[in-house]
């Protein structure tokens, strides 16, 4: 528990530095989800991509943009 | 207007198209008829410039120099699009690629979408289009730059009866504006819309000319005979007769092509009487274009089965 | 006119499939991940309990230019991969799907078709790198100390050239095959081979495009542009031009089916 408290404390101290990182990740997740909702077909089931985008940070949305979208749709 | 001279396309496996020559005169509608695999698509693609011929050339007589593609409209058998574009966006895009100003392109797109009957879907993304709609959009994109020659690859074969009717009517109209060359593997589609036909078989043109002329050429008088037994014996005998040009056996029926139908009938009946042929059937008739077409198709089918 | 039409279409396509959003963001991430993790390394080590109780652990703080080079080396691996991935289907994919048939049957110049696509990807990638560089510069300044902005801009100019070269390789490979995955493979293989040769024969290949990166630390430190960096850049520009011309030649010999 001490460990996590330390981490939380560190984060609190440095929130201004870390914030952009979190914002970028949030934007990535949101755009990926918007794209997922608007597209008709994806490579593989949509729900799977939704989970990947939501729960695998950073890599998830990127993987969706590169591999999930069908070309030309 | 367009002249194909000894067009030949060779692949590793052999000839896809061999020494195909023909001329398209302005305002004519020509059907390129033949079974699947006869080389129709390859021929059309060589004219459109998508495939370079191994040998031979395509000449466009009206204008010297310049890009021949400016004068050609082409509809592939299965047209594909950028699904993320709307119908109008795609038409404006290809129009601009054909050196048409954006303003004019928008005007033309609207006009053509109405003409092919999908005006209500103009702002819909193409990804949501049905097969028939894509085919109609395909005709619109082929017409967008007012080409002098229109090449359509199997324009009606993938359509339902209504769509087929619409497209055939549209082709009838287009005949007034451009020269039309379209491929089909269905004889009735060729007979319906075209003035001239080019019948392709194994990469070569086996028959060509105005439709009525080709039909006439293929109307050979023939007598069909059926025997209860020993057909081969009589077949040899008949083949040696004076007026007979050709004999062939199909489905237990002996077809005899003859020069002089009256004389041949007389002679055959006389012989049959004298020698007491075991005749089952004796029929006088004519071959048709369909017979020729079926022959070509069957030969293809047989080769595919080998 | 025709060129602009294709260029604009490519840019609109990148907008519709969100490339204009995610590629810059991803490049920012690649660029800031190392400055941040280097800065927080002591805390991270401490909180994961990797250090024995009471042991004072002294990690020397790297100089700003070195931190910035870490960002560049991230781009050199992950960035290159992303660039290859987003360009692998630009022509190959259109030929595979069949759209190319409708486009190239129109009186389109093959050079316009290829170079407009190239330019559209160059725009996207170079802008993304610029944004990534700015982000890295910001964090380096904030956490590690002074790094001259001018030096960063010079480094961006040369590094951008190298990335343009990478895009050109991918465009060239695009004309060889209809399979985007194979384009990716060929592009990466080419890059690896160039790297390998350059590392094996560094004295013969001082002007190799992949050497550009190795000249950048000096640029970042004191703004000096080595003679070899100029030569490598000229070489890169020449190779880029050759690749584009080669792409045109290959594509016009292909059957568009």
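Read-outs throughout are calculated quantities, based only on the coordinates presented, and are distinct from any laboratory measurement. Everything numeric in this text was worked out from a predicted model, so none of it was measured. Ideal geometry is used to build each Cβ from the backbone, glycine not excepted, and the neighbour counts take in all protein chains shown.
A few notes on this one:
- Our note on the geometry: Cα centres of the stretch A:12-73 and the stretch C:119-167, 24 Å apart.
- Helix-derived mean residue ellipticity, 222 nm - over the protein assembly as shown, DSSP H n ≥ 4, -39500 (n - 2.57), to 500: -18500 deg cm²/dmol
- Relative contact order of chain C, defined on C-alpha pairs under 8 angstrom at six or more residues apart (%): 27 percent
- Helix C:2-16 and the longest principal axis of the Cα set of chain C meet at an angle near 50°.
- Once C-alpha pairs closer than 8 Å and six or more residues apart are averaged by separation and normalised to the residue number of the stretch B:220-286, the relative contact order reads 51 percent.
- Ranked C:1, C:211, B:231, criterion: other C-beta atoms within 10 Å, fewest first: C:1, B:231, C:211
- Highest-MSF residue in chain B out of B:20, B:94, B:233 [GNM, Cα springs under 10 Å]: B:233
- The orientation-averaged shadow of the Cα convex hull for the stretch A:29-72, equal to a quarter of the hull surface, comes to 2.6 nm².
- For the protein assembly as shown, the C-alpha radius of gyration divided by 2.2 N^0.38 Å, with N the number of residues, is 1.34.
- Chain C: Rg to Rh, with Rh as the Kirkwood radius over Cα pairs: 1.04
- Degrees, to the nearest 10: C:149-174 long Cα axis against longest axis of chain C: 40 degrees
- Residues B:170, B:137, B:279, arranged from fewest to most other Cβ atoms within 10 angstrom of their Cβ, appear as B:279, B:170, B:137.
- Rg of the Cα atoms in the stretch B:2-216, relative to 2.2 N^0.38 Å, amounts to 1.00.
- From least to most packed, judged by other beta carbons within 10 angstrom and beginning with the fewest, A:47, C:20 follow the order A:47, C:20.
- Choice from B:242, B:191, B:172 showing the highest fluctuation, given a GNM over chain B with Cα pairs closer than 10 Å: B:242
- Of interest is the spacing of the C-alpha centroids, which for the stretch C:225-257 and the stretch B:207-232 amounts to 63 Å.
- Cα centroids of the stretch B:236-280 and the stretch C:61-103: 77 Å apart.
- Computed E for residue B:228/residue B:61 - FRET, C-beta separation, R0 60 angstrom, nearest 0.05: 0.50
- Kirkwood Rh in Å, taken over all unlike Cα pairs in the stretch B:220-286: 11.6 Å
- Axis angle, to the nearest 10 degrees, between helix B:102-115 and the longest C-alpha principal axis of chain B: 40 degrees.
- Rel. contact order, % - alpha carbon contacts under 8 angstrom, at least six apart, chain B: 20 percent
- For the pair residue B:298 and residue A:18, label points projected 7 Å from Cα toward Cβ lie 8.3 nm apart.
- GNM top mover of B:209, B:131, B:66 - chain B, alpha-carbon springs below 10 Å: B:66
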